[in-house]
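Participant: Pasting a structure here, questions to come.
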Amino acid sequence: MRPRLAKAVLALTASLSLPLVAAPAHADSAGPDPVLRGQLARTYEATAKYGYLPNALADGYRAHMCLARDQGGMGYHYFNESRFGSLDPAKPAGLLYEDDGNGGRRLVGVEWVVPTADAQGKRPQIFGQDFQGPMAGHYPGMPRHYDLHAWLYKPNRKGLFAQWNPDVTCPASDMPHA
């Protein structure tokens, strides 16, 4: 398949799947408004290739911890530190994965990270959503930051932009000691 055709098919597939993924997160409404759908379509188009983990690694994402707590999980974090501070829908700094049951990883969401020094005294916002935080870094060397999750590839009954997903878990050996 030619690259232009493959990109068009990917964009169409992502935009058609948006209501299916987003609707459970917004069960009290008809789903995201059209403007939000357009913004999220940019995110889908840019991140769908990361469903294949080697693509994420090739683009500079590095594996870090798997986070889960009583309220749910975030999964395995893969961060591209060059994207810290990005508010571009197509350039999230983090990718969230879970075990796929076959020894691999399945993409479940994305995350934007804005170091507090980059926030210029105000809480960052994207998609009309305030970021969570500020909070300490999740691994040695990660700066104090704000972040926002978007559960684009796995529905979250707590909401599309909720911090924790009750249906995402981590192996007991990878859970942080809180």
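Rule-based calculations on the coordinates, nothing more; no lab input. Being a predicted model, the structure only gives us computed values, none of them experimental. No Cβ is skipped: glycine too gets one built from the backbone with ideal geometry, and neighbour counts run over all protein chains shown.
Participant: At 0.36 nm per residue, and after removing the present C-alpha to C-alpha distance, how many nm does the segment from Asp130 to Lys158 gain when stretched out fully?
Facilitator: Fully extending the segment from Asp130 to Lys158 adds 8.5 nm.
Participant: Taking amide H atoms as placed 1.01 Å from N in the peptide plane, list the residues 5 or more away in sequence, or in a different chain, whose amide H sits under 5 Å from that of Lys158.
Facilitator: none
Participant: Something else now. With θ set to phi - 60°, apply the Karplus curve 6.51 cos²θ - 1.76 cosθ + 1.60 along the stretch 88-102 and write out the HN-Hα couplings as whole Hz, x wherever there is a Gly or Pro.
Facilitator: 7, x, 8, 9, x, 7, x, 10, 10, 10, 10, 5, 8, x, 10
Participant: May I ask you to evaluate 6.51 cos²θ - 1.76 cosθ + 1.60, the Karplus curve with θ = phi - 60°, for each residue of the stretch 124-136 and list the ³J(HN,Hα) values in order in whole Hz, giving x for glycine and proline?
Facilitator: Coupling constants for the stretch 124-136: x, 8, 8, 6, x, 10, 6, 6, 7, x, x, 9, 5 Hz.
Participant: Please sort 116-122, 131-137, 37-43 by packing, taking for each peptide the average over its residues of neighbouring beta carbons within 10 angstrom, highest first.
Facilitator: The most tightly packed comes first, giving 37-43, 131-137, 116-122.
Participant: Could you check the simple spin-label distance between Ala90 and Tyr52, using points 7 Å along Cα→Cβ, in nm with one decimal?
Facilitator: That separation, rounded to one decimal, is 2.0 nm.
Participant: Give the long-range amide H neighbours of Arg105: residues separated by 5 or more places, or on another chain, with amide H under 5 Å away, using H modelled in the peptide plane at 1.01 Å from N.
Facilitator: Result for Arg105 returns Asp100.
Participant: Still on this structure, I have one more. Please list, ordered by chain and number, the residues whose modelled amide H lies under 5 Å from the amide H of Met65; skip anything fewer than 5 residues away on the same chain.
Facilitator: His77
Participant: Moving on. Give the cross-link partners of Lys158 among the aspartates and glutamates, using a straight C-alpha distance below 14 Å as the criterion and excluding same-chain residues fewer than 8 apart.
Facilitator: Counting by Cα, and skipping residues close in sequence, Lys158 has these aspartates and glutamates nearby: Asp28, Asp70, Asp167.
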